[in-house]
Amino acid sequence: MFGKRIQVFKLFGFTVYIDLSWIIIAVLITWTLAAGFFPYYYQGFSVTEYWIMGIVGAIGLFFSIIFHEMSHSLVSREFGLDIRGITLFVFGGVSEMNEEPDDSRTEFFMAVAGPLSSIVLGLVFYGVYRMGIQAGLPGQANAVLNYLAVINFVLAVFNLVPAYPLDGGRVLRSALWKWKGNLRWATRIATRIGAGFGLGLILLGVLNIISGNFIGGMWWVLIGLFLRSASQTSYTQLLMQRALSGEPVRRFMKKDPVTVSPAMPLDQMIHDYFYKYHYKMFPVQDASGNLEGCITLDRIKEVPREEWDRKRVEDIVSQCSEKNTVDPSMDAMKVMARMNREGVSRLLVTDRGHLEGIVTLRDLFAFISMKLDLEGEEGVRNIPPESWGR
Ligand SMILES: [Zn+2]
């Protein structure tokens, strides 16, 4: 789900990231505010002033979204869920959960925390705005404060629409889940409403564009597209999760993986292994079968080309880390989550330092596809590649 992202800062032990897509969005928001919103509602300022207001407004929106996501994360952590960080992603943010909530009650409280926090923040901005008017703050500052109050109320209301994966959709899912005790059914209903709502937003956007409101229409189309794909992906992910969880990775591993010997010259390694198999990592094993470490493409890249014929694998082998190894008893769903997080498609299965086999994303998907094909419901015969992670 995540493309390239950059770390911004840490807060309360959560790392905040920005997805690169968000930078484009930030520019669009600034432009929308500076060229559209502020000149329309607050006349009489200069172009430069509008741009400064736009930039300050966009930064305020950025912090409002972080505040919203941070509230989700803090409540999740209260309930004992493991949250790695927060990524600001296209529209709004995503708290990265390693596990789904275990029960409907947890999901309910996690979901409502976001909109509630936005309402509180909106009230704070509104209060400061009223005081600003009283204190005679310049009109530009008041306009930005007013915008931030309104946008936080908009964030709260929009997120409360019962369209999964919006917060309101999560609330709906938790209620349906509580009612029938069936998470899969609850998710199917909530994500269908999500996809339908997304389609509605796209149509609304197109109507707006046709009638001349290009900027507003563009936003509706963007948000609708994002919501539609997110809701469809959420349902597929749940099915995948259901198919895999409880299965130890031992079941999916291939024994006797391709290994390389420590004494092999680097250029031979590159030509006979990297260029032949196109894997990004190989286990290094000595003659008596001990795992010496791992050799990765990234490590090779650090060696200048003219040294390829002089160096050997053992010169650049690195310790196999948690990033590329798993235990045979580990849950296959957790293994897939780790592949997604580390951006790798192959992991070594090791038992107390001994190489047992290798597990690949391809094998996990082959299993899920088959299981859904035999036991799944109509409409989910194939898993779309975009929900595969990497
Ligand atoms: Zn939220």
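Bear in mind these aren't lab numbers, they're just calculated from the coordinates by the rules spelled out. Because the structure is predicted, anything quoted here is derived from the model rather than measured. Note that each Cβ is placed from the backbone with ideal geometry, even for glycine, and that neighbours are counted across all protein chains shown.
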Which semi-axis lengths, in whole Å and largest first, follow from the square roots of five times the eigenvalues of the Cα gyration tensor of the chain?
46, 27, 19
Note, ³J(HN,Hα) from phi for region 337-351, Karplus 6.51, -1.76, 1.60, rounded to Hz, x at Gly and Pro
4, 5, 4, 4, 5, 8, x, 10, 10, 9, 10, 7, 9, 10, 10
Could you give me the ³J(HN,Hα) list for region 185-196, computed from phi with Karplus coefficients 6.51, -1.76, 1.60 and θ = phi - 60°, whole Hz, x at Gly and Pro?
4, 4, 5, 4, 4, 5, 6, 5, 4, x, 5, x
Approximate spin-label separation Lys254-Ile52, in nm, with each point projected 7 Å along Cα-to-Cβ:
6.2 nm
Say R0 is 45 Å: what FRET efficiency, to the nearest 0.05, do Arg77 and Ala287 get from their beta-carbon distance?
0.40
By Cβ neighbour count within 10 Å, fewest first, Ser329, Ser73, Ser117 rank Ser329, Ser117, Ser73
Under 14 Å between alpha carbons: how many lysine pairs meet that in region 249-371, if sequence neighbours fewer than 8 apart on the same chain are excluded?
4
Leading residue at positive end of dipole, region 249-371 (Cβ point charges), from Val260, Ile358, Met333
Met333
The chain: calculated mean residue ellipticity at 222 nm from DSSP helix runs of at least 4, using -39500 (n - 2.57):
-18000 deg cm²/dmol
For Thr350, the net charge from surrounding residues (Cβ-Cβ under 10 Å; K, R +1; D, E -1) works out to -2
Charges only on Cβ, +1 for Lys and Arg, -1 for Asp and Glu: so what's the dipole of the chain about the Cα centre, in debye to the nearest 20?
700 debye
Could you compute the FRET efficiency for Arg341 and Leu207, with r as their C-beta to C-beta distance and R0 at 45 Å, rounded to 0.05?
0.65
Unit charges at the beta carbon, dipole of region 5-244: most positive-side option, Val112, Tyr129, Thr15
Val112
Before anything else, pin down the relative contact order of the chain: Cα pairs under 8 Å, at least 6 apart, normalised by residue count, whole percent.
11 percent
Helix 361-375 against the longest principal axis of the chain: what's the angle in degrees, Cα atoms only, rounded to the nearest 10?
70 degrees
For Pro162, net neighbour charge (Lys/Arg +1, Asp/Glu -1) across residues whose Cβ lies under 12 Å away:
+2
Helix 139-159 against the longest principal axis of the chain: what's the angle in degrees, Cα atoms only, rounded to the nearest 10?
60 degrees
Evaluate the charge dipole of region 249-371 about its Cα centre and quote only its size in Debye, nearest 20, assuming +1 on the Cβ of each Lys and Arg and -1 on the Cβ of each Asp and Glu.
620 debye
